[in-house]
Amino acid sequence: MRKSAKCTIIISAIIGVLLGLYLVFGYVRTPVIHGTVLDAETKQPVENAWVTGTLSLKVATIQGDIHVHPAFAPAHLRTNKEGKFIIPRKSFRQPIPPLGFGMNVEGCRVTVETINDKQGEISLKPSFWKWWTEVTIYVKPTLMTEGEYDSYLQSLFRYCTTGRSGVEVPVAKEGCDAWELDYVITKHENFVAKLDKPDSGEKRTYFKGSLYHLAYLFEMKGDLRKALDTFRILKEHDKKHNISFFLNEYERKMSELQEKLNN
């Protein structure tokens with residue numbers, strides 16, 4: 001056998017072994033997560049807590065490291081009456097060289113939040129070998145400034161309209177379901193009621209921003225009357241404070257909604 005043929009066979013065998021190793025080990029896999037959500041104060045199960053899970057991955061590429069944040073929990077995941085939830089096992093394949101040269105897990109987080117502004121989270125270490133794990137997450141009142149809460153509401157609004165609340169790769173490309181839409185609307189309504197029509201400062205910005213979200217959220221829900229009324233409030237608010245930038249948008253939406261209501 002010629003030396004060149006032997007070299008070809010050896011190289012092919014090496015490539016085959018490397019490819020086999022990649023197929024077996026070339027991914028990050030999260031375990032099946034059996035979770036229970038409890039109130040931190042009462043230690044009682046929390047029903048209808050909204051559960052999300054996000055990985056933080058660093059991928060080495062020829063152009064440098066890139067960071068991706070894929071969601072790994074199923075879309076629209078909530079706890080049952082016993083406060084329990086299950087996140088199925090999920091795998092994330094590493095890119096093949098030269099597209100990528102390794103992938104490191106920087107974080108694996110499961111977050112839980114409730115309609116009455118309680119939150120909790122837990123960090124896990126994804127493992128190739130670990131098949132399942134049990135976790136208990138305790139929720140307690142969220143301590144946020146009004147500015148932080150306004151940013152939180154913006155992320156909920158983005159989720160409902162785009163399926164993405166932040167930098168994560170979304171699971172639900174269609175956005176929120178009916179339960180989540182009611183959840184997000186309630187959060188906005190409570191914040192607007194708390195602000196109580198402020199006359200100046202940052203609170204006025206938060207008030208208007210939440211009303212703006214509510215107008216479109218009501219329209220998404222199909223509550224056209226509330227959407228129309230909210231756009232009217234926005235129009236009156238901006239006129240009162242000599243703000244004209246959004247008036248054409250308000251007028252257009254009011255006309256569209258009124259036409260739909262008349263039909």
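Laboratory data are not the source of any read-out in this text; all were calculated from the coordinates shown. Just so you know, these numbers come straight off a predicted model, no measurement behind them. All Cβ positions, even for glycine, are placed from backbone atoms using ideal geometry, and neighbour counts span all protein chains on display.
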Exposure proxy ranking, count of Cβ atoms within 10 Å, fewest first, for SER91, SER210, SER200: SER200, SER91, SER210
Restricting to lysines and to Cα separations under 25 Å from LYS43, and discarding same-chain partners fewer than 8 apart, the set is LYS81, LYS84, LYS118, LYS140, LYS187
May I ask you to sort MET144, MET254 by Cβ crowding, counting other Cβ atoms within 10 Å and putting the fewest first? MET144, MET254
Burial ranking of peptide ranges 186-198, 152-164 (average Cβ count within 10 Å, highest at the top): 152-164, 186-198
Once amide hydrogens are built 1.01 Å from N within the peptide plane, the residues lying 5 or more places from GLY175 or on another chain with amide H under 5 Å from its amide H are GLY163
Which aspartates and glutamates have a Cα lying under 12 Å from the Cα of LYS221, excluding residues fewer than 8 positions away in the same chain? ASP177, GLU180, ASP182
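Just add up the charged neighbours of PRO141: K/R +1, D/E -1, any other residue whose Cβ is under 13 Å from the Cβ of PRO141.
Numbers: positive: LYS118, LYS140; negative: ASP39, GLU41, GLU113, ASP117.
Result for the neighbourhood of PRO141: -2.
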I need the per residue convex hull volume for the range 144-263, using only the alpha carbons, in cubic angstrom as a whole number. 115 Å³
Restricting to aspartates and glutamates and to Cα separations under 19 Å from LYS208, and discarding same-chain partners fewer than 8 apart, the set is GLU146, GLU148, ASP150, GLU189, ASP196, ASP199, GLU219, ASP229, GLU236, ASP238, GLU249, GLU251
